[in-house]
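Quick notes on the structure that follows.
The values are calculated or read from the model by the stated rules, or taken from the named source; none is laboratory data. Predicted, not measured: the structure shown is a model, and the values here were computed from it. Cβ placement follows ideal geometry from the backbone for every residue including glycine, while neighbour counts extend to all protein chains displayed. Calculation scope for accessible area: heavy atoms of the full protein, side chains included, ligands and nucleic acids excluded. Shrake-Rupley method; radii C 1.70, N 1.55, O 1.52, S 1.80 Å.
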Amino acid sequence: MGPPSKPRPRPLVEGVTERLREPSSGLARYREILKQGARAMRERFDLGEPAETLVRARAQLIDEILTAAWGSHLDMTTGIALVAVGGYGRGELHPASDIDLMILLESEDEDTAERTGTLLTFFWDIGLEVGHSVRTLGQCVEEASKDITVATNLMEARFLTGDRELFEAMRAATAPDRIWPSDEFFAAKCEEQRARYQKFGDTSYNLEPNIKEGPGGLRDIQVIGWVAKRHYGAETMFGLVEHGFLTEKEYGSLMEGQQLLWCIRFALHLFTGRREDRLLFDYQRTLAGEFGYLDQDNNLAVEQFMQRYYRTIMELNRLNEMLLQHFQEAIILHTESCDPEPINPRFHSCSGYLEAVDERVFRRQSFALLELFLVMAQHPELKGVRASTIRQIRAHRHLIDDKFRNDLSNRALFMEILRQPRGITHELRRMNRYGVLAAYIPLFENIVGRMQYDLFHIFTVDEHTLFVVRNLRRFFSPDHRHEFPLCSDIIRSIPKPELLYLAGLFHDIAKGRGGDHSELGALDAADFCRHHQLSNHDSNLVAWLVRQHLLMSLTVQRKDISDPEVIQEFADKVADLNRLDYLFLLTVADNHATNPKRWSNWKYTLLSELYGAARRALQRGLENPQAQDEVIEEQRKQALEELKQQGDIPPSQIAALWSSIAPDYFLHNQPERIARQTAAVLATTPEHLPLVTIMGATVRGCSEIFVYSPRRKGIFANSTGMLDRLGLNIVDARIQTTTDGYTLNSYLVLEEDGQPIADLRRKEEVIETLRHGIEHPEVVNLQATRRLARQLRHFEIGTRIDITRDIHHERSILRITTSDRPGLLARISLALSDCDIRLLNAKIATLGEMAEDIFFIGSRDGGGYLDEPLAERLKAALRKRLEA
């Protein structure tokens, strides 16, 4: 086939040039034409006309308007030219795109400067968003020589009106034989792309992607076009087909991807009324509806729409990688003679890149489709894969069928990749990019590009899965030991790391299929492991890990891990030390890969504490659970030793204070914490109450704010409200009252960036604000002052309130699931106060847009758990406060 013909698009407005030549043409006429064009563009888009023709039609309309305005304001044909640059230079204008212009001068003079200034003012007056530069020929050469961005703009320059000879002189003066020869231009563009990718976290799969600048976006297509134009003089992308760098099928994929991204960008501009290239949550649902998607039982319309987007940019990213590798070979490496260094009968190294020995390798020996990735892992000196070989892989992926997957040698190859000492993450990512991973594990295809419409999971499922494997591999790296030291120690002792990687690959593989993804994934994992000749023991371990991959997270999130019964229950489920090691490693890797920005040392410390406590329980023997009385006695003993080391505190004072505090206090606090709080209380005199202090040592990676005060109603509500207004996130709260009328409140808090309070002035601000609020509760304003985050506005989470009885501890457990918002904890605290409920402990968890908070409570009259009437009254009070 030849290049697709692109006829001149049907005008948005007929007869523009003639209408603007009329003597009566003024601002009103120009504005009227622009408005007509905008209306026509929207109407034609709504009727299904492709964005591709509409962006060219808008550029055509702007051409006519600018040319007419130039003629009426300057009437100069020599020494000056009006030039379109950037996207407008390519003849592409989306509804709100800037109109980038350059006024090219032969020389500068005041008269021309004044007249061009008047013209630019006219452009703005009629409503055009114009970005402009004014340069002489010499300045073009000087600026382009220094700045690759300027050179690229000038390379795309398109003559509009004025002095054409001057324009052609500029093109000649900035051509590759004058400045930025092809090799330097290519190297600069590759570095630009590398920096751009880094800005977006080196992933195409951000939840709110930038469709223009993000990896796999429109900029990637433009980079291909720029290099092709600079090196080959190709004016269209089809020129790459003519030069043998793209097949016609690949060209079709490239154009299909561009058309989808153009269509989305076009719709974004129309919907927002401005130049918007970010696919924000604000617009995703609306666009999904515009593109005809409907909610399904297990797949929201927005998730279907975004999966199509992510799969499109993945394919564009693959083509970009292959073409840039082609360019590397043709432009940079063409002067290097390739003396192939044999690696095995199927592959050799050419200029440091892996290459198939001939075009028939994969057809003759299809197992080479997997072997290639093993070779790459075993040869870290290789810089990549030759473009011709990448193309051969793409062309032969269809050979990975049931027969291929059932071949014992192929199954052995896949497992051998997972057993390599290095390169596993890189090669699994490469397999995913080339489409081989989903071909070999068909279940993986379902999660490729699959998003979860929430704020907790910030990557698509396949990207998250590969991040989990990367995190597991990092536990082996000395360079990353400081991040998770306990994990680094444990992973060196596990007998078969490949089982951990398999659990990572399968832990979320059943998402989007309906049902419990952990249970379904466990069945898939077991089948895969047995199919790959793993023993029953190893297959069962991987399946168990997939089934229970959320167990540790849910335990620390929803339960009090200082409770020996919670530890015993968890240890019973794990059953042996080997499982515990594997599960801990998988849990940390999974949590950190879900949302790295929300990860904090608090989560790692909680998981580490649970791991340590469960390990001790398993070593002690499940048949020998530790009694609570033993734990309390041991905690008191260790705390007393800590106090002896801190200074000369009379034992009688310690005993008097401790005798006024319920035994639960010693059960649920670490000895160091008990000692710090005891010392702080005994060092304070009544006239200096309330005591508000931020303890010097962090607790579980958090700052501990400790309040000791005479007991009064509403102190918890006031304190949480003030901490919220201070921008602090409470992750844990413990409330303890004494028999002589005092309260010991402890809050573990983090700043909004997930770090403890570090600055001295900040600490003073927090202490003074809290102390003043406790002393003068009448001045405390519990209305939230922080605005609801933009992203949170797009998620509707129904409020669920459950109150259950904890018979063993004679208390009730209140679990609230609702949408996260500023001031949430203060509202809940007020409801507890309204019903005269005694708060014992609180565990606060925010999962993206959803808050899942757990409160251990009792009745104020000293009774244990709440009776049914009081529980119903509390539920009503909570709903009233939360819906206000």
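Between 444, 475, 404, 484, the distinction of being farther than 30 Å from residue 207 by Cβ and aromatic (Phe, Trp, Tyr) belongs to 404 only.
Go through 881, 827, 838 for me and flag whichever is over 26 Å from the mean Cα position of the chain (by Cα) and either in a strand (DSSP E or B) or modelled with pLDDT of 90 or more (or both).
On the way: 881 fails: either in a strand (DSSP E or B) or modelled with pLDDT of 90 or more (or both); 827 fails: either in a strand (DSSP E or B) or modelled with pLDDT of 90 or more (or both).
Of the residues listed, the single one that is over 26 Å from the mean Cα position of the chain (by Cα) and either in a strand (DSSP E or B) or modelled with pLDDT of 90 or more (or both) is 838.
Taken over region 596-626, the criterion of being part of a helix (DSSP H, G or I) and either free of Cβ contacts under 8 Å to residues at least 12 places away in the same chain or open to solvent by 50 Å² or more (accessible area, probe 1.4 Å) (or both) is satisfied by 596, 597, 598, 601, 603, 609, 612, 615, 616, 619, 620. Just so you know, in region 320-355 the residues that are crowded, with 22+ Cβ neighbours inside 10 Å and among the aliphatic types (A, V, I, L, M) include one that is nearest to residue 376 (Cα to Cα), and it is 322. Let me confirm something: among 56, 42, 21, which residue is open to solvent by 50 Å² or more (accessible area, probe 1.4 Å), farther than 15 Å from residue 266 by Cβ and basic (Lys, Arg)? Sole residue among the options that is open to solvent by 50 Å² or more (accessible area, probe 1.4 Å), farther than 15 Å from residue 266 by Cβ and basic (Lys, Arg): 21.
Here's the yes/no breakdown for (1) free of Cβ contacts under 8 Å to residues at least 12 places away in the same chain; (2) of a type in the set (Phe, Trp, Tyr):
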{"residue": "479", "(1), (2)": "yes, no"}
{"residue": "489", "(1), (2)": "yes, no"}
{"residue": "496", "(1), (2)": "no, no"}
{"residue": "501", "(1), (2)": "no, yes"}
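Note on region 659-672: residues that are in contact (Cβ under 8 Å) with a residue 40 or more places away in the chain, outside any loop (DSSP other than H, G, I, E, B) and touching a Phe, Trp or Tyr at 6+ places or on another chain (Cβ under 9 Å) total 1.
Residues 701, 727, 714: which one is of a type in the set (Gly, Ala, Ser), surrounded by 16 or more Cβ atoms within 10 Å (Cβ to Cβ) and within 22 Å of residue 778 (Cα to Cα)? Let's see the steps before the verdict.
Working: 701 fails: within 22 Å of residue 778 (Cα to Cα); 727 fails: surrounded by 16 or more Cβ atoms within 10 Å (Cβ to Cβ).
Only one candidate passes the filter, namely 714.
Evaluating residue 400 against the criteria (1) modelled with pLDDT of 95 or more; (2) out of contact with any Leu (no Cβ under 9 Å at 6 or more places or on another chain); (3) crowded, with 18+ Cβ neighbours inside 10 Å leaves one unmet condition, (2). It is to be established whether one or more residues within region 377-386 are in contact with a helix residue (DSSP H, G or I) (Cβ under 8 Å, 6 or more places away or on another chain), in contact (Cβ under 8 Å) with a residue 24 or more places away in the chain, more than 30 Å from residue 533 (Cβ to Cβ) and crowded, with 20+ Cβ neighbours inside 10 Å. Yes, some residue in region 377-386 is in contact with a helix residue (DSSP H, G or I) (Cβ under 8 Å, 6 or more places away or on another chain), in contact (Cβ under 8 Å) with a residue 24 or more places away in the chain, more than 30 Å from residue 533 (Cβ to Cβ) and crowded, with 20+ Cβ neighbours inside 10 Å. Among (1) in contact (Cβ under 8 Å) with a residue 40 or more places away in the chain; (2) open to solvent by 10 Å² or more (accessible area, probe 1.4 Å); (3) part of a helix (DSSP H, G or I), where does residue 245 come up short? Of everything listed in (1) in contact (Cβ under 8 Å) with a residue 40 or more places away in the chain; (2) open to solvent by 10 Å² or more (accessible area, probe 1.4 Å); (3) part of a helix (DSSP H, G or I), residue 245 misses just condition (3). Here residue 492 does not fit the description of being among the basic types (Lys, Arg), open to solvent by 10 Å² or more (accessible area, probe 1.4 Å) and within 23 Å of the chain's Cα centre (by Cα). Look at (1) touching a helix residue (DSSP H, G or I) at 6+ places or on another chain (Cβ under 8 Å); (2) under 23 Å from residue 712 (Cβ atoms) and you find that residue 656 fails only one, number (1).
A single member of 144, 81 is open to solvent by less than 10 Å² (accessible area, probe 1.4 Å), in contact with a Ser or Thr (Cβ under 8 Å, 6 or more places away or on another chain), of a type in the set (Gly, Ala, Ser) and within 30 Å of residue 29 (Cβ to Cβ), and it is 81.
Within region 506-526, the set of residues being free of Cβ contacts under 8 Å to residues at least 24 places away in the same chain and crowded, with 23+ Cβ neighbours inside 10 Å comprises just one member, 525.
Take region 411-439 and flag every residue that is of a type in the set (Ser, Thr, Tyr) and in contact with a strand residue (DSSP E or B) (Cβ under 9 Å, 6 or more places away or on another chain). Full working, then the answer.
The initial filter retains those residues of region 411-439 that are of a type in the set (Ser, Thr, Tyr), namely 425, 434.
Within region 411-439, just 434 meets the criteria.
Among the residues of region 540-594, those that are assigned to a helix (DSSP H, G or I), free of Cβ contacts under 8 Å to residues at least 40 places away in the same chain and not polar (S, T, N, Q) comprise 543, 544, 547, 551, 554, 566, 569, 573, 579, 580, 583. Would you check if residue 372 is in a helix (DSSP H, G or I) and farther than 30 Å from residue 295 by Cβ? Judged against the criteria, residue 372 is a match. Residues in region 188-208 include at least one that is within 30 Å of residue 303 (Cβ to Cβ), open to solvent by 20 Å² or more (accessible area, probe 1.4 Å) and among the small types (Gly, Ala, Ser). Here region 627-658 is the region considered, the condition is being closer than 25 Å to residue 709 by Cα and in a loop (DSSP other than H, G, I, E, B), and the residue that is most open to solvent (accessible area, probe 1.4 Å) is 648. Cβ separations smaller than 7 Å between residues 6+ apart or across chains give the following pairs from region 705-731 residues that are under 18 Å from residue 694 (Cβ atoms) to residues that are among the polar types (S, T, N, Q) and open to solvent by 20 Å² or more (accessible area, probe 1.4 Å): 706/693; 708/684; 722/769; 725/785; 726/769. Scanning region 59-78 for residues that are of a type in the set (Gly, Ala, Ser) and open to solvent by 10 Å² or more (accessible area, probe 1.4 Å) yields a count of 3.
Does at least one position in region 527-539 carry a residue that is assigned to a helix (DSSP H, G or I), touching a helix residue (DSSP H, G or I) at 6+ places or on another chain (Cβ under 6 Å), open to solvent by less than 60 Å² (accessible area, probe 1.4 Å) and of a type in the set (S, T, N, Q)? Walk me through it before giving the result.
Here is the first cut: in region 527-539, the ones assigned to a helix (DSSP H, G or I) are 527-531, 536-539.
The next check asks that each one be touching a helix residue (DSSP H, G or I) at 6+ places or on another chain (Cβ under 6 Å); those that pass are 529-530, 538-539.
Filter again for open to solvent by less than 60 Å² (accessible area, probe 1.4 Å), leaving 529, 538-539.
Those left that are additionally of a type in the set (S, T, N, Q): 539.
Checking region 527-539: at least one residue is assigned to a helix (DSSP H, G or I), touching a helix residue (DSSP H, G or I) at 6+ places or on another chain (Cβ under 6 Å), open to solvent by less than 60 Å² (accessible area, probe 1.4 Å) and of a type in the set (S, T, N, Q).
Any idea how many residues of region 780-818 are among the hydroxyl-bearing types (Ser, Thr, Tyr) and at pLDDT below 80? Qualifying residue count for the region: 1.
Taken over region 248-268, the criterion of being touching a Ser or Thr at 6+ places or on another chain (Cβ under 8 Å) and buried (at least 20 other Cβ atoms within 10 Å of the Cβ) is satisfied by 257, 261.
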